[in-house]
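Asks: The structure follows.
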Amino acid sequence: MVSRRTALLVGLGAIVAACTGRGPSAALGSPSPSAASDTTPTASSVATPACVATPAETEGPYFVDERLNRSDITTDSSTGSKRNGVPLDLTFQVARVSSSGCTSLGGAQVDVWHCDAAGVYSDVAAQSTVGQRFLRGYQLTGADGIARFATIYPGWYAGRTVHIHFKVRMYTGATKTYEFSSQLFFDDAVTDAVYKAAPYSSRPNRDTRNQTDMVYTSNGNSGSVLLVKAAPSGAGYAAAFAIGLNF
């Protein structure tokens, strides 16, 4: 079930313009966001965003609080082996939203977790991966609000479109003071291109695309403002996503 909590999400202007055709906040009775740069995001730069309102998405059944403080999440920390897949450099920029605008949020714990190219999550009993710890980890944002991850392009599994889960938490000492969970989605055309190559090509004909995904299409098609633009970079892709939190 999708959480009813809402947070202000800083969406990249190019994504909002291309995927919604309008300011998503208008549906919630908020002022339409101003135009933002349509510069293609890279792992080292995040476009100056416009602030738009969007609901959080469900955490899902596969979150495990591993407390793995690492930027490169491709390695299984239990064995040292790497998961095969197309490299993906993922950058988050977290900001706090107030009446005076968006300001970088330092010290936020950003967790990321997703399935591998075969559609399998680590440390899940139902998938016989208990004790394995791949494609999971967290980073603390710097003073600039940025947290970076080196991972692989996610695979797919039955009933879900391609996605990455993320969670942002704030702590005072050992006490958690704030938590926000959501998901990132990818353009189906980019996914189709990625999946033509191994190891993804061994699993053709994925059964769910964005517009038939129960999470993407919930809450007024909220996935359209969680759609990250993955741009070719080296042997893989780079993607940047900016988040604004209202708390």
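Asks: I need the calculated FRET efficiency for the pair residue 177 and residue 72, taking r as the beta carbon distance and R₀ as 30 Å, to the nearest 0.05.
Replies: 0.60
Asks: Can you tell me, using C-alpha contacts under 8 Å and at least 6 residues apart, the relative contact order of the range 118-230 as a whole percent?
Replies: Worked out over the range 118-230, it gives 22 percent.
Asks: With a sphere of radius 9 Å drawn around the Cβ of residue 66, what net charge do the other residues whose Cβ falls strictly inside it have (Lys, Arg +1; Asp, Glu -1)?
Replies: Taking every other residue near residue 66 into account, the sum is 0.
Asks: Still on this model: Net charge within 15 Å of residue 189 by Cβ-Cβ distance, Lys/Arg positive one each and Asp/Glu negative one each, not counting residue 189 itself?
Replies: Around residue 189, the surrounding residues sum to +1.
Asks: Whole-Hz Karplus ³J(HN,Hα) for the range 104-109, in order, using 6.51 cos²θ - 1.76 cosθ + 1.60 and θ = phi - 60°, x for Gly and Pro?
Replies: 4, 10, x, x, 7, 8
Asks: So, for the range 67-197, what is the accessible surface per residue at a probe of 1.4 Å, expressed in square angstrom?
Replies: The answer is 38 Å² per residue.
Asks: May I ask you to evaluate 6.51 cos²θ - 1.76 cosθ + 1.60, the Karplus curve with θ = phi - 60°, for each residue of the range 202-213 and list the ³J(HN,Hα) values in order in whole Hz, giving x for glycine and proline?
Replies: These are the phi-based 3J(HN,Hα) values: 6, 10, x, 6, 4, 9, 9, 10, 3, 6, 10, 8 Hz.
Asks: So what's the convex hull volume per residue for the Cα atoms of the range 87-176, in Å³?
Replies: Taking only Cα atoms, the range 87-176 has a hull volume of 136 Å³ per residue.
Asks: Show the residues, 5+ positions off or on another chain, whose built amide H is closer than 5 Å to the amide H of residue 122.
Replies: Excluding prolines and chain starts, which carry no amide H, the hits are 134.
Asks: Another question, if that's okay. Would you kindly state how much longer the chain becomes between residue 126 and residue 82 on full extension, computed as 0.36 nm times their sequence separation minus their alpha carbon distance, in nm to one decimal?
Replies: 13.7 nm
Asks: Note down the net charge around residue 227, summing +1 for each Lys or Arg and -1 for each Asp or Glu among other residues with Cβ under 13 Å from its Cβ.
Replies: Local charge sum for residue 227: -2.
Asks: Quick one: pull the percent of accessible area on the range 85-124 belonging to carbon and sulfur, 1.4 Å probe, ligands and nucleic acids left out.
Replies: Carbon and sulfur atoms account for 48 percent of the accessible area of the range 85-124.
Asks: Return the sequence-ordered ³J(HN,Hα) values of the range 74-89 in whole Hz as given by the Karplus equation 6.51 cos²θ - 1.76 cosθ + 1.60 applied to θ = phi - 60°, using x for Gly and Pro.
Replies: For the range 74-89, the Karplus curve yields 6, 8, 7, 5, 7, 10, x, 7, 9, 7, 7, x, 6, x, 9, 8 Hz.
Asks: Hey, could you grab the Kirkwood Rh for the range 120-247? Inverse mean 1/r over distinct alpha carbon pairs, Å, one decimal.
Replies: Computed over the range 120-247, the radius equals 16.6 Å.
Asks: Tell me the label-point distance for the pair residue 192, residue 140, using the 7 Å Cα-to-Cβ offset, in nm and rounded to one decimal.
Replies: Result for the modelled spin labels: 4.5 nm.
Asks: For residue 137, what residues show an amide H to amide H distance below 5 Å, using hydrogens built from the backbone and excluding near sequence neighbours?
Replies: 112
The values are calculated or read from the model by the stated rules, or taken from the named source; none is laboratory data. Keep in mind that this is a model prediction, so the values were computed, not measured. Methodologically, a virtual Cβ is constructed for each residue, glycine included, from the backbone with ideal geometry; neighbour enumeration extends over all protein chains shown. Each accessible area value is taken on the protein alone, full model and side chains, heavy atoms only, with ligands, DNA and RNA left out. Shrake-Rupley method; radii C 1.70, N 1.55, O 1.52, S 1.80 Å.
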